[in-house]
Amino acid sequence: LHDREQTDERYRLKVASPAFPSDIDDQPELSVSHIEHDISVVSVSCDLDMVTTPALQQLLSQELHDGRGAVVVDLSRCDFMGSSGLAVLVEAREQAGRAGAYLALAGPTRTVTRALTAVGLDTLFNTCPNTDAAITEFRSR
């Protein structure tokens, strides 16, 4: 079950599941901000596990399908990334490559960086210290 709130150029997708039965405002959240017409920032404010990754996959796929020149995944508030989260990021990278889009990971936490490094994916992605740096890198290409 997903609850989607939309305001101007930003929307949030709150992931609801039996694992998070309380008030929807307390539930994990994924949000998308359209910085410019061709730049999207997908912010992850939850653990990336089997419960939340289907929603992330949907968001990333939609943003890339919509023809964004750049999609930045802000991982600065993600405290856990399981194998399903890693798989979604790899799939998004492949989709971005097919679309000729720029995909970057911004501000990955120490835990996320360790997960990427443990399976040898740390060198596969454009990784920036924060979203501003990722947007600057995209613009300078």
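Out of the residues in region 102-132 that are among the hydroxyl-bearing types (Ser, Thr, Tyr) and in a strand (DSSP E or B), which is nearest to residue 71 (Cα to Cα)?
Residues of region 102-132 among the hydroxyl-bearing types (Ser, Thr, Tyr): 102, 109, 111, 113, 117, 123, 127, 131.
Restricting the remaining residues to those that are in a strand (DSSP E or B) gives 102, 127.
On the way: 102: 6, 127: 12 Å.
Result: 102.
Is one or more of the residues making up region 124-135 modelled with pLDDT under 95, of a type in the set (A, V, I, L, M) and surrounded by 15 or more Cβ atoms within 10 Å (Cβ to Cβ)?
So in region 124-135, the residues modelled with pLDDT under 95 come out as none.
Checked region 124-135: no residue is modelled with pLDDT under 95, of a type in the set (A, V, I, L, M) and surrounded by 15 or more Cβ atoms within 10 Å (Cβ to Cβ).
Please tell me if residue 90 is open to solvent by less than 50 Å² (accessible area, probe 1.4 Å), touching a Leu at 6+ places or on another chain (Cβ under 6 Å) and not polar (S, T, N, Q).
Details: open to solvent by less than 50 Å² (accessible area, probe 1.4 Å): yes; touching a Leu at 6+ places or on another chain (Cβ under 6 Å): no; not polar (S, T, N, Q): yes.
Spelling it out, it is not the case that residue 90 is open to solvent by less than 50 Å² (accessible area, probe 1.4 Å), touching a Leu at 6+ places or on another chain (Cβ under 6 Å) and not polar (S, T, N, Q).
The values are calculated or read from the model by the stated rules, or taken from the named source; none is laboratory data. Since we're looking at a predicted model, the values are computed, not measured. Ideal geometry is used to build each Cβ from the backbone, glycine not excepted, and the neighbour counts take in all protein chains shown. Heads up: the accessible areas ignore ligands, DNA and RNA and are worked out on the full protein's heavy atoms, side chains in. Shrake-Rupley method; radii C 1.70, N 1.55, O 1.52, S 1.80 Å.
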